[in-house]
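This structure is in structure tokens; I'll ask about it shortly.
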Amino acid sequence: MKSSIPLPATILTALTALAVLAAAPPALGQEFRIEPYLQLATPDGVTIAWETSAGAQSRVEWGPDEGLGQVAEGDATATFGGQHHITRLAGLRPATRYFYRVRTGDAVSAVTDFVTPPAPGAGHPFRLVAMSDMQIDRGAPEVFGEIIEDGIIAYITERFGPDLPGELAMALIPGDLVDNGLDIRQWREEFFAPGQPLFSRVPVYPVPGNHELNTPFFWQYFVLPENGTAPWLEHWWYLDHANLRVIGLDSNLGFTLQQQLDWLDLVLAEACAEDTIDFVFAQLHHPHLSELWPVGELDYTGEVVARLEAFSADCGKPSLHFFGHTHGYSRGQSRDHQHLWVNVASAGGNLDRWGEYAQRDYDEFVVSQDEYGFVLAEVEGGEQPEFRLTRLGHGQPGARVQNVVRDFIRVRRHNHAPEAPVGRFPTLAEAVNPDCFTLAASPFDELEGDAHQGSHWQIASDCEDFDAVIWESWRQDRNWYFEVDTQAGDDLTDERVEGFAPEAEACWRVRYRDDSLGWSPWSAPVAFRTGPVEGNRVQNPGAEQGLDGWVEAAGVSESLPAGECQGVDPFAGQRYFAVGGLCDSSAYAELVQRVGVDELAEDIDAGGLVASYGAMMADYSGADRAEMELRFVGAAGAPLGADDAAAVDAPAPSDDCRATVSGLLLVLVALVRRRR
């Protein structure tokens, strides 16, 4: 459950009182409630925090080796059933290893180490991890601990070596650290306890999610940069590490304020002007768009995204935003900017599964997966700054995997754009079928060896005015949606256009993108013309006459008016086809119509005709697989090119809309496979 409704103050007070009553009495001695963890690391200092059952002593013993030798004292504040301790170590050297342990009376931690951040502009390469929504799933309570030890620590150790603080600079968490922010036991046992092997050596920087409920626990446990807007200083903040600016934002109800956006404008303007900053990573909890769980989308996040896009465009510095809330991984990018969208969930929260909700396939995303995991970012500085993102998958309930690479992208600050493509077809030389034709351009050409990541096609009525676009399409190299890559096999050098105006002249162009998110210049505009269109040869194409003209080849199909059997409204007209049925239903259904084209055989054989088809289709709550297809068969019903010796071999219509067909029948088939 992901309720975003804030608790009224009276309820919060009552629940806090209950927490006080339920708190365990302090032990006679001192023991750790929360082992030490790192906060607010800078080139010259670090904050160390921990919690004990009792005791005001907040001592950190530290030094350049395991002999320690120096002491720092801090402050303690009361918590429910204990004392929270904060001690700041100052006067440290950049990019230097230090050792420490903490002491509160009888509670003495083991000696461990950390490494301070490098000086600004040092060009020091570093790594960070991002994960979110570790709020415990009672059906799989061990997942967050596995993500920490078998995931992050094991991957860093195996890939880069055993020096964890030397190989990993920080951990970012965009919200929902616990399931119920009012339950102090969850903070101690379900977040800090499994996270201790990482957080004791690598500083952790979270922002609140809706499940934190804006409770005092979050603000007491975490020491965040106090450079936000008063009185919300730690609700939004930023810190710089080497050539990266990290921005933390609060997207929860009550904090989606104009003051936060105004502050963000100033922080981005400073990052733009600062020569030592090459990239900006922002984190906030709620998504602007979400394929797996659209109900969790937030318009306010769109305001943040728009500012990050403008920053990247104006300053030439790539950016991204990490988010969570939806329990699964997604990664995409803005069409017109070097800006990435990355959902880094789920690090333990109950997964949002395919088919569980009404879901949407957005153009921006290239991959969405209902899986546990985390994201590793590797950041390089110097003369050729870049960052690389890797998604490491941890599987699903009952199907665990360990650190399987699910996604990867590299983004350079100074990227060489691809060469401008050349438009090849169509032109004014030959009129194309307005029902269906294909734009075709030259192969992808890029000097740095990057792959072809995307293509953006546009049609305008005038070659001199592409501000008035009448059709466009944006395709990316992948689109993993509902466990299928719908872009598989697309080389991105051609694009189908359907339902265009007949007997018209227009102009088209295209640009190519490489996988560092750099766009080529637009191709030179190409004028083209369309011919006339033949009428629809399908009988009763909109179900207005029931199922007349159609054959129920398998399962149940129905013609339904709006709302019948809790159905939807027709897209057009008064009725629509329910292939698979609603009033009655079947797990699989086919609805078929055969259309004779024997009188057109001569023109078909000559390649002068094409067949086009289409429909507005929807599934049932994400649980169905709705399909439509056109089959070409001979007079005896055999597929052309298969076992009909009298037929001329010819393929079914391909994406280029220009396949030559020889035969006597077109068979239009609508079918559905139910997954319920």
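The values are calculated or read from the model by the stated rules, or taken from the named source; none is laboratory data. The model shown is predicted, which means the values in this text are computed figures rather than measured ones. With ideal geometry, Cβ positions are generated from the backbone for all residues, glycine too; neighbour counts draw on all protein chains shown. Just the protein is used for accessible areas: all its heavy atoms, side chains included, with ligands, DNA and RNA removed. Shrake-Rupley method; radii C 1.70, N 1.55, O 1.52, S 1.80 Å.
Can you find even one residue in region 274-294 that is aromatic (Phe, Trp, Tyr), over 21 Å from residue 144 (Cα atoms) and open to solvent by less than 20 Å² (accessible area, probe 1.4 Å)?
Yes, there is a match, as at least one residue in region 274-294 is aromatic (Phe, Trp, Tyr), over 21 Å from residue 144 (Cα atoms) and open to solvent by less than 20 Å² (accessible area, probe 1.4 Å).
I'd like to verify a number: residues in region 363-412 that are farther than 25 Å from residue 454 by Cα and among the hydroxyl-bearing types (Ser, Thr, Tyr), how many?
Number of matching residues: 1.
Then there is this: Looking only at region 221-230, decide whether some residue is surrounded by fewer than 19 Cβ atoms within 10 Å (Cβ to Cβ), in a helix (DSSP H, G or I) and either touching a residue at least 12 places away in the same chain (Cβ under 8 Å) or of a type in the set (A, V, I, L, M, F, W, C) (or both).
The answer is no, given that none of the residues of region 221-230 is surrounded by fewer than 19 Cβ atoms within 10 Å (Cβ to Cβ), in a helix (DSSP H, G or I) and either touching a residue at least 12 places away in the same chain (Cβ under 8 Å) or of a type in the set (A, V, I, L, M, F, W, C) (or both).
Could you list all residues from region 582-614 that are outside any helix (DSSP H, G or I), surrounded by 15 or more Cβ atoms within 10 Å (Cβ to Cβ) and either touching a Pro at 6+ places or on another chain (Cβ under 8 Å) or at pLDDT below 85 (or both)?
Selection gives 597, 609, 610, 611, 612, 613.
Further question on the same structure: Just give me the residues in region 195-210 being closer than 13 Å to residue 147 by Cβ and open to solvent by 30 Å² or more (accessible area, probe 1.4 Å), in sequence order.
Scanning region 195-210 gives a single hit, 197.
Which of the residues belonging to region 471-486 are more than 18 Å from residue 353 (Cβ to Cβ) and part of a loop (DSSP other than H, G, I, E, B)?
Taking region 471-486 and keeping what is more than 18 Å from residue 353 (Cβ to Cβ), we get 471-479, 485-486.
477, 478, 479, 486 - these are the residues of region 471-486 that are more than 18 Å from residue 353 (Cβ to Cβ) and part of a loop (DSSP other than H, G, I, E, B).
Might you check whether a residue that is acidic (Asp, Glu), surrounded by fewer than 18 Cβ atoms within 10 Å (Cβ to Cβ) and closer than 30 Å to residue 408 by Cβ occurs anywhere in region 466-481?
Scanning region 466-481, I find at least one residue that is acidic (Asp, Glu), surrounded by fewer than 18 Cβ atoms within 10 Å (Cβ to Cβ) and closer than 30 Å to residue 408 by Cβ, so the answer is yes.
Follow-up. Write out, first by first residue and then by second, each pair whose Cβ atoms fall under 6 Å of each other, whose residues are 6+ apart or on separate chains, and whose first residue, in region 407-419, is more than 17 Å from residue 388 (Cβ to Cβ) while the second is aromatic (Phe, Trp, Tyr) and buried (at least 18 other Cβ atoms within 10 Å of the Cβ).
Taking only residues 6 or more apart or on different chains, the pairs are 418/512.
When you go through 355, 348 one by one, which is the residue that is out of contact with any strand residue (DSSP E or B) (no Cβ under 6 Å at 6 or more places or on another chain), assigned to a loop (DSSP other than H, G, I, E, B) and open to solvent by 10 Å² or more (accessible area, probe 1.4 Å)?
355 is the lone residue from the list that is out of contact with any strand residue (DSSP E or B) (no Cβ under 6 Å at 6 or more places or on another chain), assigned to a loop (DSSP other than H, G, I, E, B) and open to solvent by 10 Å² or more (accessible area, probe 1.4 Å).
What residue, of 148, 156, 152, is at pLDDT 95 or above, within 27 Å of residue 81 (Cβ to Cβ) and β-branched (Val, Ile, Thr)?
The match here is 148.
Determine the pairs where a residue that is assigned to a strand (DSSP E or B), located within region 241-263, has a partner that is of a type in the set (S, T, N, Q) and open to solvent by less than 40 Å² (accessible area, probe 1.4 Å) with Cβ atoms under 6 Å apart, the partner being 6 or more residues away or on another chain.
248/283
Taking residue 323 and the conditions (1) aromatic (Phe, Trp, Tyr); (2) under 23 Å from residue 252 (Cα atoms); (3) open to solvent by 10 Å² or more (accessible area, probe 1.4 Å), which numbered condition does it fall short on, given that it satisfies the others?
Residue 323 satisfies all of (1) aromatic (Phe, Trp, Tyr); (2) under 23 Å from residue 252 (Cα atoms); (3) open to solvent by 10 Å² or more (accessible area, probe 1.4 Å) except (3).
Could you tell me whether region 82-105 includes any residue that is farther than 27 Å from residue 212 by Cβ and in contact with a helix residue (DSSP H, G or I) (Cβ under 8 Å, 6 or more places away or on another chain)?
yes
Turning to a different aspect of this structure: Kindly check whether there is at least one residue in region 423-430 that is at pLDDT 95 or above and surrounded by 19 or more Cβ atoms within 10 Å (Cβ to Cβ). Give the steps one after another, and end with the answer.
The initial filter retains those residues of region 423-430 that are at pLDDT 95 or above, namely 423-428.
Checking which are surrounded by 19 or more Cβ atoms within 10 Å (Cβ to Cβ) leaves us with 423, 426.
So far as region 423-430 goes, yes, one or more of its residues are at pLDDT 95 or above and surrounded by 19 or more Cβ atoms within 10 Å (Cβ to Cβ).
Condition test on residue 78, is it modelled with pLDDT of 95 or more, under 21 Å from residue 222 (Cβ atoms) and open to solvent by 20 Å² or more (accessible area, probe 1.4 Å)?
Here the answer is yes, as residue 78 does meet what is asked.
Checking the structure you have, find out if any residue of region 82-93 is in a loop (DSSP other than H, G, I, E, B) and touching a residue at least 60 places away in the same chain (Cβ under 8 Å).
no
Looking at region 368-428, what strands (runs of 3 or more DSSP E) fall wholly within it and have at least 1 residues that are on the phi < 0 side of the Ramachandran plot and aliphatic (A, V, I, L, M)?
372-380, 386-396, 399-412
Still on this structure, I have one more. Run down 502, 532, 521, 541 and say which single residue is closer than 22 Å to residue 443 by Cβ, in a loop (DSSP other than H, G, I, E, B) and either open to solvent by 60 Å² or more (accessible area, probe 1.4 Å) or in contact (Cβ under 8 Å) with a residue 24 or more places away in the chain (or both).
Details: 502 fails: closer than 22 Å to residue 443 by Cβ; 532 fails: closer than 22 Å to residue 443 by Cβ; 541 fails: closer than 22 Å to residue 443 by Cβ.
After ruling out the rest, the residue left standing is 521.
Next question. Which numbered condition trips up residue 395, out of (1) out of contact with any Ser or Thr (no Cβ under 8 Å at 6 or more places or on another chain); (2) touching a residue at least 60 places away in the same chain (Cβ under 8 Å)?
Here residue 395 meets the rest and fails (2).
Another question, then. Quick check, is residue 513 outside any loop (DSSP other than H, G, I, E, B) and open to solvent by 30 Å² or more (accessible area, probe 1.4 Å)?
So residue 513 fails the test.
Okay, moving on. The conditions are (1) at positive phi; (2) within 27 Å of the chain's Cα centre (by Cα), and residue 218 fails exactly one of them. Which is it?
(1)
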